[in-house]
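A.B. asks: Just passing along the structure, written as structure tokens.
The values are calculated or read from the model by the stated rules, or taken from the named source; none is laboratory data. This one's a predicted model, so the numbers in the text were calculated from it and none came from an experiment. In this analysis, Cβ positions are derived from the backbone assuming ideal geometry, glycine residues included, and neighbour counts consider all displayed protein chains.
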Amino acid sequence: MAIFDLIPLSTIQLHEQVASDFIRDLGKTVTLHYPAIRITCPNCYGGYTYNGTGPNPFPQGQPCSICGGTNNIAQAPESEDITCMVYMNPKDFIQYQDLTMQLQDGLMQIRGKMSDLIKVQRCNSCTVVAGIEGIQTMVWQKLGEAIPYGVRLQSEFLQTWKRKP
């Protein structure tokens, strides 16, 4: 029997609620950046044949004026803000059993709500405003996988990031 099994569920739920309020009230805004998605060109078939319904007709055999003959176009990358606890000093990192990396400068750790985990898993980088707001923005890329975090319910996650050069 683990020590946490002796703690009543109502006490653990209260702890989880306080931890969630702590993130909401004291957390920082982290902007997640998602990779661009390539979609099929709405103007042509195969890049060189006008499909008859697209916005820009072009002569048969010429490259499509929208996709340049590639038959796909990139949508603008999306971004989204989440609120997390941000730890930029490795001495402040939450230690966990699988933390085997050598802690060094240029690393950041976030602690967030489990409801935001899927967003973090989808993104390829994030930005956090550091220092004077609007003056210095740091760009980060994920280092390893996120891990669940919490007493028993594990309603939070930890993700470590490294600074992009």
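A.B. asks: For a quick check of your reading of the model, give me the residue pairs whose first member lies in the stretch 72-88 and is closer than 27 Å to Glu156 by Cβ and surrounded by 14 or more Cβ atoms within 10 Å (Cβ to Cβ), whose second is of a type in the set (Asp, Glu) and modelled with pLDDT of 90 or more, with beta-carbon atoms closer than 6 Å and at least 6 apart or on different chains.
C.D. replies: From residues that are closer than 27 Å to Glu156 by Cβ and surrounded by 14 or more Cβ atoms within 10 Å (Cβ to Cβ), the pairs are Ile82/Asp116.
A.B. asks: Of everything in the stretch 19-72, what is charged (D, E, K, R) and more than 30 Å from Thr137 (Cα to Cα)? Give them in sequence order. Let's see the steps before the verdict.
C.D. replies: So in the stretch 19-72, the residues charged (D, E, K, R) come out as 21, 24-25, 28, 38.
Answer for the stretch 19-72, where residues must be charged (D, E, K, R) and more than 30 Å from Thr137 (Cα to Cα): there is none.
A.B. asks: Going through Gly52, Gly68, Gly61, Gly112 one at a time, which residue ends up being at pLDDT 90 or above and farther than 27 Å from Pro35 by Cα?
C.D. replies: On the way: Gly68 fails: farther than 27 Å from Pro35 by Cα; Gly61 fails: at pLDDT 90 or above; Gly112 fails: farther than 27 Å from Pro35 by Cα.
Gly52 is the lone residue from the list that is at pLDDT 90 or above and farther than 27 Å from Pro35 by Cα.
A.B. asks: Given the conditions (1) within 30 Å of Val129 (Cβ to Cβ); (2) surrounded by 11 or more Cβ atoms within 10 Å (Cβ to Cβ); (3) of a type outside the set (Gly, Ala, Ser), report the number of the one that Ile7 does not fulfil.
C.D. replies: Ile7 satisfies every listed condition except (1).
A.B. asks: A further question follows. Could you tell me how many of the residues in the stretch 23-45 are surrounded by fewer than 13 Cβ atoms within 10 Å (Cβ to Cβ), closer than 17 Å to Ser115 by Cα and in contact (Cβ under 8 Å) with a residue 40 or more places away in the chain?
C.D. replies: Matching residues across the stretch 23-45 total 1.
A.B. asks: Looking at the stretch 10-22, which of the residues that are in contact (Cβ under 8 Å) with a residue 12 or more places away in the chain and either among the aliphatic types (A, V, I, L, M) or not assigned by TED's automatic domain parsing to the domain that holds Val129 (or both) is farthest from Cys84 (Cα to Cα)? Full working, then the answer.
C.D. replies: First pass over the stretch 10-22, keeping only residues in contact (Cβ under 8 Å) with a residue 12 or more places away in the chain: 12-13, 15-16, 19-20, 22.
Then keep just the ones that are either among the aliphatic types (A, V, I, L, M) or not assigned by TED's automatic domain parsing to the domain that holds Val129 (or both); that gives 12, 19.
On the way: Ile12: 21, Ala19: 11 Å.
Filtering first and then ranking leaves Ile12.
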